[in-house]
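The values are calculated or read from the model by the stated rules, or taken from the named source; none is laboratory data. Note that this is a predicted model, so its numbers are computed, not measured. Ideal geometry is used to build each Cβ from the backbone, glycine not excepted, and the neighbour counts take in all protein chains shown.
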Amino acid sequence: MSTSSHAEILGYLNHGDTELAVRRVLDYCLDTGQDELIREAIRLSQGYHQAAEIGPLPASFTEQALSLIEKAAGTGHANPVPQALITANQVAKTYTGGNFSLKPISFSLHTGQVLGVVGENGNGKTTLLRCVAGQLSLDGGQVDYHLLRKPDYYDIKNHIAFIPQRIPRWYGLLKDNLHFSAAISGMHDSKNDLMVEFMLERLNLSRFAHLTWNQISSGYRTRFEIARILLQRPRLLILDEPLANLDINAQQTILTDLVFMARAAHNPMGIILSSQQLHEVEKVADTVVFIKDGNCLYSTNDKAEKITSTAIEFETTADRDSIKALFGDTPVTMQFNGGFYTIETAALNGSEILTILVNANVPLTYYRDITYSTKRFF
């Protein structure tokens, strides 16, 4: 087992990040491939949720968690080596029935990596995702699936999982649907039961297991769809606006969990997701591409070539003229959008700008360096 993951979980427990620690223990034990350790992790998670509902956790909980971590660490399971997954080379698409076209876009993705596709609605995010998923024919370029020898539509469909923004309606009980998904993926009998129970705990769905579509919120429908897809063990997971139906806390939880799952030894995979939630996506994605009017205007891989100035976004009650005066003769461009100020300059870095504002006692309620963020292109 990875010593870094071991130390990471211990750090969560020691600093009181118990809920995150429990989710990571589940991942840690799943990676061992040992059913009994997975069952112990499920019981630990169930015990945590039951105890958290009625009051402080008992002292024995941490001892149980530490004991389970040590058992998992003793299995000696190593982290997976990243593999080249896909390469999109000058992918382009034109719709004959309209005026929109996706201009040539290129990127590559390895297992364990997350690619974020950001931009406003109607600018080509979904088109790009559907091209990569094999749902749309290309009018230019190609997509190479490196783990498939001779990919046809059937192979690609089994290799890639695509979760649309509008989750398709399902019927029956949530848990029954998960059992079915696990079964068609080759999991039967006790293995099917174990993995469904694991996924219910991992995505905090256990209390909804016996509910139907109409009985759960849109946010939990998204969680269910992720659970259903993960049981099929795809190598590439594509999610179109997965954050749209989630509250702000759930957004970061799901994104963080997806990163952990992408890098898991159980099923290392690549993830491509589209979103308008720039800050949340940029915190977890290895690469972010910004699309506007079908063009890829910026990729974080190109930042050394395309970014030549510092950009800072901040909120303050100070007036514009007094702030501008702080920079004297330094060439600074300053804009105000009605909520935030944005300063751009090639003469100062982010730390230097912050120092000037703080030394002048400018009241700051928000400050962010967006130099390498796609936010500056919106």
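So here's what we get for this one:
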read-out: Failed item in (1) surrounded by 15 or more Cβ atoms within 10 Å (Cβ to Cβ); (2) under 26 Å from Gln83 (Cα atoms); (3) at pLDDT below 95, with Gly186 passing the rest; value: (1)
read-out: Residue satisfying all of: in segment 231-252; surrounded by 18 or more Cβ atoms within 10 Å (Cβ to Cβ) and among the polar types (S, T, N, Q); farthest from Leu109 (Cα to Cα) among these; value: Asn245
read-out: Leu85 being touching a Lys or Arg at 6+ places or on another chain (Cβ under 9 Å) and either crowded, with 17+ Cβ neighbours inside 10 Å or assigned to a helix (DSSP H, G or I) (or both); value: yes
read-out: Residues (modelled with pLDDT of 85 or more and closer than 21 Å to Met261 by Cβ) located in segment 58-79; value: Ala65, Leu68, Ile69, Ala72, Ala73
read-out: Failed condition for Asp286, given (1) crowded, with 18+ Cβ neighbours inside 10 Å; (2) at pLDDT 90 or above; (3) acidic (Asp, Glu); value: (1)
read-out: Positions within segment 296-341 being touching a residue at least 40 places away in the same chain (Cβ under 8 Å), within 30 Å of Ser106 (Cα to Cα), surrounded by fewer than 17 Cβ atoms within 10 Å (Cβ to Cβ) and charged (D, E, K, R), in sequence order; value: Lys303
read-out: Subset of segment 16-52 [outside any helix (DSSP H, G or I) and in contact with a helix residue (DSSP H, G or I) (Cβ under 6 Å, 6 or more places away or on another chain)]; value: Thr32
read-out: Filter pass, Val289 being in contact with a Ser or Thr (Cβ under 9 Å, 6 or more places away or on another chain), in contact (Cβ under 8 Å) with a residue 12 or more places away in the chain and under 30 Å from Ala227 (Cα atoms); value: yes
read-out: Condition check for Lys157: within 23 Å of Arg43 (Cβ to Cβ), part of a helix (DSSP H, G or I) and not polar (S, T, N, Q); value: no
read-out: Asp293 within 26 Å of the chain's Cα centre (by Cα), crowded, with 17+ Cβ neighbours inside 10 Å and assigned by TED's automatic domain parsing to the domain that holds Ser106; value: no
read-out: Output for segment 105-128, where each listed residue is within 15 Å of Ala244 (Cβ to Cβ) and part of a strand (DSSP E or B); value: Gly116, Val117, Val118
read-out: Boolean, Glu63 is acidic (Asp, Glu), closer than 26 Å to Gln277 by Cβ, in a helix (DSSP H, G or I) and not assigned by TED's automatic domain parsing to the domain that holds Lys283; value: no
read-out: Members of segment 260-307 found to be within 30 Å of Thr32 (Cα to Cα), small (Gly, Ala, Ser) and outside any loop (DSSP other than H, G, I, E, B), listed by number; value: Ala262, Gly270
read-out: Verdict on Arg166 being farther than 26 Å from Thr87 by Cα and basic (Lys, Arg); value: yes
read-out: Residue within segment 343-353 that is crowded, with 17+ Cβ neighbours inside 10 Å and touching a helix residue (DSSP H, G or I) at 6+ places or on another chain (Cβ under 7 Å) present; value: yes
read-out: Total residues in segment 208-244, condition free of Cβ contacts under 8 Å to residues at least 40 places away in the same chain and more than 21 Å from Tyr28 (Cα to Cα); value: 10
read-out: Extreme residue, nearest to Arg263 (Cα to Cα), among residues of segment 83-97 that are at pLDDT 90 or above and not hydrophobic (A, V, I, L, M, F, W, C); value: Gln83
read-out: Test: Ser275 is polar (S, T, N, Q) and under 27 Å from the mean Cα position of the chain (by Cα); value: yes
